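Only one structure is covered here, and it is reproduced in the block below.
FYI, it's all coordinate maths here, none of it is from the lab. Quick caveat, the model's predicted, so the values are computed rather than measured. No Cβ is skipped: glycine too gets one built from the backbone with ideal geometry, and neighbour counts run over all protein chains shown.
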Amino acid sequence: MKRVRVGVISFLILGLFGGCAFFPKKDEPPPLPPIEETKPPLSLKGDYFKAFPWDDLPKPMKDGNDPDTYLYTVKEGDTLESIAEKEMGDPALAAGLASYNQLSSPAKVEQGQKIVIPYPIIGLTGQLIIKAKGEKEFSPPKPFTTTLNKGDQYKMRFVSNVNGYLYVFREGPDGVVMLYPAKTKPPPPTPRGRKPKPTPEPVVRQTAAIRAHEAVLIPTVGAGFAYDQKRAGDRVYVFLSLRKITALEDLLDKKKITAPDIEEVMREVRIGDIYNADPPYNLLRISDPAQILGIRLNLTG
C-alpha cells in the first residue's frame, strides 16, 4: 500500500511540474516566433545601388519586420564582401553594408549572424534642356522647375539607374498625350513627278524600353517643344518599372487618353523618396520587379 501511495504522489508531483510548463508567468510575454530568413523575389544587381542613400536610411530592424529589407544569415566562409557581391551584386558595397548594420569591423562577421540587406532602388531624374530665343544650341540640363520664357524651345531629359520601361504623358488643356513611347511620323508624301518608293516605310511605335544611365530626350529627334504661355502649368506624368506596365501598354493604340486612365495607374504607384543629389533622383526601394515608380512634374512659365 505504501508503494502505491508513493507512486501516486510522485505522479502528481511530476504532473504538477509538467503542467506548469504550459502556463507562462503572468509577467512574462509568450515567446516570439523564430525569425524566418526571407529571400528577395528578384535578382539584385550592383547598378541598382549606384545612387543608394545609405546615410538617409532608417536604422536596420533585425526582427524581420521591415518591408524594405530582408535578413541574410551568415554562413561558414562568408565575408561581408562575398555577401555584398552575392546579395547586392557588387563587393564594393561591403563598406556601406557594414555601416548600415552598425558593424565595428567590416572584416569580421560570424556564422549565424544576421545581416540586414536593404532592397534595391530604381531611380529616375527628370530635367529640361532649353534653347533660349536667339541661341543656337541647347543648354546643359537644368532642373525641371526652371522657368520657361516666350520663344524658348525645350526638351525633357530622363535618366534611370536601371534597364527598364519608361512611360511619359503630358496633360494640358487639350487632354492627355503620350510623349514616350511615341509613334514615329509617317514618311512625307512623294512630290509630283517623282517615282514613289516601292515599299513605303511602315509607321512603327518606339519601344518603352530604356537602358541604365542613358539619357532619354523628348522629343527624341529634331527640335524641341516650343514654349506656349497658354500651356504653363501642364502636368507631366512619368512612370518607370523593371517590367512593362500592362495598363500603360494598353494605352499605346488608344485614340484618346483621359486623365482617369493615368490616375488609375498612379493609384498603383508606391510612394518613393527624393534623394537630393545633383541632379535630384526620385527613388523607390522595390521588393517586386513589377512595382512602379511614378512622379508628377509641372512645366512652369
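Taking the alpha-carbon centroid of each part, what is the distance from segment 106-144 to segment 243-301 in angstrom?
With segment 106-144 and segment 243-301 each reduced to a Cα centre, they are spaced 16 Å.
Count the net charge of all other residues whose Cβ sits under 13 Å from the Cβ of Met266, scoring Lys and Arg as +1 and Asp and Glu as -1. Don't skip to the answer; put the middle values down first.
Values: positive: Arg235, Arg267, Arg270, Arg296; negative: Glu171, Asp261, Glu263, Glu264, Glu268.
Overall, the nearby charge balance is -1.
Determine the alpha carbon to alpha carbon distance for each of Lys155/Lys255; Lys155/Lys254; Lys86/Lys254; Lys108/Lys244; Lys75/Lys244 and list only those over 32 Å.
Working: Lys155/Lys255 24 Å; Lys155/Lys254 25 Å; Lys86/Lys254 43 Å; Lys108/Lys244 42 Å; Lys75/Lys244 36 Å.
The pairs that break the limit, which is 32 Å between Cα atoms, are Lys86/Lys254; Lys108/Lys244; Lys75/Lys244.
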